[in-house]
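The values are calculated or read from the model by the stated rules, or taken from the named source; none is laboratory data. The structure displayed is predicted, hence computed values, not measured ones. Cβ placement follows ideal geometry from the backbone for every residue including glycine, while neighbour counts extend to all protein chains displayed. Remember, those area values only see protein heavy atoms, side chains included, never the ligands or the DNA or RNA. Shrake-Rupley method; radii C 1.70, N 1.55, O 1.52, S 1.80 Å.
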Amino acid sequence: MRIVLAEPLGIAPEILRKLSQSLAGHDFVAFDSRPADETDLVSRVKDADVAIIANYPFSNDAIAQCPSLKMLSVAFTGTDHVGLDACRAQNIAVSNAAGYSTFAVAELTFGFMIGLSRFMLPCDAATRASQNKGNMIGTELKGKTLGVIGTGAIGLRVAELGKALGMDVIAYSRSEKQAALNMGVRYVSLDQLMATSDFVSVNCPLNNDTKGLIGKEAIAKMKPTACLINTARGPVVDSQALADALNSDAIRGAGIDVFEMEPPVPADHPLLHAKNTILAPHVGFATKEALVTRAEIAFDNITTWLKGERINQIL
């Protein structure tokens, strides 16, 4: 079979060589740059039986132009950037890499929280300008209420870290997890979570139910001292509504790692001009450890499928 790694996975060449040995006997091709556009992506994958992609969008139209494709290993947790309708129509098996970035994303969540609560960016700027702390008196996380939206693997890890730091953790999710209840997390309504949390951490997947979930009405329920952290998917939060709340001091701050598009973010994006924000260009998953784990899962998906079995099955 022809197996194509359509975009780089951010791992060292020697690790890629080692992983590709599991595909001995097959024609394996690895591209070392991201596709220039969708046309370029199709040109790389159109003759492949199996393809590995990460977070580069692979639309229904693009997939339809790849008639040989039988299996798609998505080296990413979410699959909302993949044309799953076309995959169903063409009977393409799809597996993802769920769990690879659990620790990385959860830790970045707390990086945002500490950065906001201790004025890290203003402190850096003041120090470089030969100023003192002025009125930058921070707050501790201990004793604060952390609201976790979505208690999948990452949400549970965020809850666990919050508990370790002495926070009161509440959660909203479509289903209650026994693991969360065991650590003392209380499930509440979304309205109650938004109204009582000092920090709101968005950790749910993007789907028809969650798109725009955190909109103007939900943000309006937040306390003026509260901060919102989104390390999940950009469209879960209404960026304009969040920017308006920040600029009117309706809430204290926000830490944002995800947007409606993959960075670079357009210069006119509302959150680029919002007050009291820490922004990152989608780096939650980007640790050396997570990227190696992601690559291992992506290749395991394929070798398992070649044996007639499935892991991490989406379709």
Legend entry - Whole-percent carbon and sulfur share, accessible surface of segment 23-69, 1.4 Å: 46 percent
Inset, instruction - Find the eigenvalues of the gyration tensor of the Cα atoms of segment 10-140, then list the square roots of 5 times those eigenvalues as equivalent ellipsoid semi-axes, largest first, in whole angstrom. - result: 43, 17, 15
Legend entry - Selection from 195, 164, 299, by position along the positive dipole direction of the chain (Cβ): 164
Inset, instruction - Using only Cα atoms, tell me the angle between helix 102-117 and the longest principal axis of the chain; keep it within 0 to 90° and round to the nearest 10. - result: 30 degrees
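For segment 131-176, what does the relative contact order come out to in percent, with C-alpha contacts under 8 Å and a separation of six or more?
Details: 49 pairs, mean separation 20.3, N = 46.
Once divided by the residue count of segment 131-176, the mean separation gives 44 percent.
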Legend entry - the chain - mean residue ellipticity at 222 nm from DSSP helices (-39,500 (n - 2.57) per run, n ≥ 4, rounded to 500): -10000 deg cm²/dmol
Legend entry - P(r), alpha carbons of segment 59-201 - 5 Å bins starting at zero, rounded %: 2, 9, 15, 14, 12, 11, 11, 10, 8, 5, 3, 1, 0
Legend entry - Centroid-to-centroid separation of segment 189-205 and segment 214-271 [C-alpha atoms, Å]: 13 Å
Legend entry - GNM flexibility winner over the chain from 120, 194, 222 (Cα, springs under 10 Å): 120
Inset, instruction - Kindly identify segment 1-68 as rounded, prolate or oblate by the Cα gyration tensor criterion: order the square roots of the eigenvalues as a ≥ b ≥ c, call it rounded if a/c is under 1.5, otherwise compare a/b with b/c, prolate if a/b is larger, else oblate. - result: oblate
Inset, instruction - Mind jotting down the three principal axis lengths of the chain based on Cα atoms? Whole angstrom, largest first. - result: 64, 47, 34
Inset, instruction - Would you look at the GNM of the chain, springs on alpha carbons closer than 10 Å, and say which of 69, 246, 23 moves the most? - result: 23
Legend entry - Relative contact order for the chain, counting Cα pairs under 8 Å that sit 6 or more residues apart, in percent: 17 percent
Inset, instruction - Using a 1.4 angstrom probe on the protein heavy atoms only, line up 167, 183 by accessible area, largest first. - result: 183, 167
Legend entry - Sequence-distant residues sharing a close amide H with residue 55 (under 5 Å, placed H): none
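What pairs from 177/275; 211/307; 70/216; 144/216; 133/211; 163/223 go past 31 Å between their alpha carbons? Don't skip to the end; give the middle numbers.
Working: 177/275 35 Å; 211/307 37 Å; 70/216 42 Å; 144/216 24 Å; 133/211 40 Å; 163/223 21 Å.
In this structure, 177/275; 211/307; 70/216; 133/211 lie more than 31 Å apart at Cα.
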Inset, instruction - Just name one of 87, 213, 127: the one whose Cα is farthest towards the positive end of the charge dipole of the chain (beta-carbon charges, Lys/Arg +1, Asp/Glu -1). - result: 127
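Which value, in Å², gives the accessible area per residue of the chain when a 1.4 Å probe is used on the protein heavy atoms? Walk me through the intermediate numbers first.
Working: 14760 Å² over 315 residues.
About 47 Å² of surface per residue is accessible.
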Inset, instruction - Could you check the simple spin-label distance between residue 223 and residue 126, using points 7 Å along Cα→Cβ, in nm with one decimal? - result: 2.2 nm
Legend entry - Max mean-square fluctuation residue, GNM over the chain, Cα-Cα springs under 10 Å, options 217, 296, 107: 217
Legend entry - Relative contact order (%) - segment 240-315, alpha-carbon pairs under 8 angstrom, separation at least six: 27 percent
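May I ask you to give the average projected area over all directions of the convex hull of the Cα atoms of segment 210-296, in nm² rounded to one decimal? Each step should come with its number before you reach the end.
Working: hull surface 24.9 nm².
The number I arrive at for segment 210-296 is 6.2 nm².
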Inset, instruction - For the chain, find the longest principal axis of its Cα atoms and tell me its angle to the long axis of helix 288-306, 0 to 90°, nearest 10. - result: 40 degrees
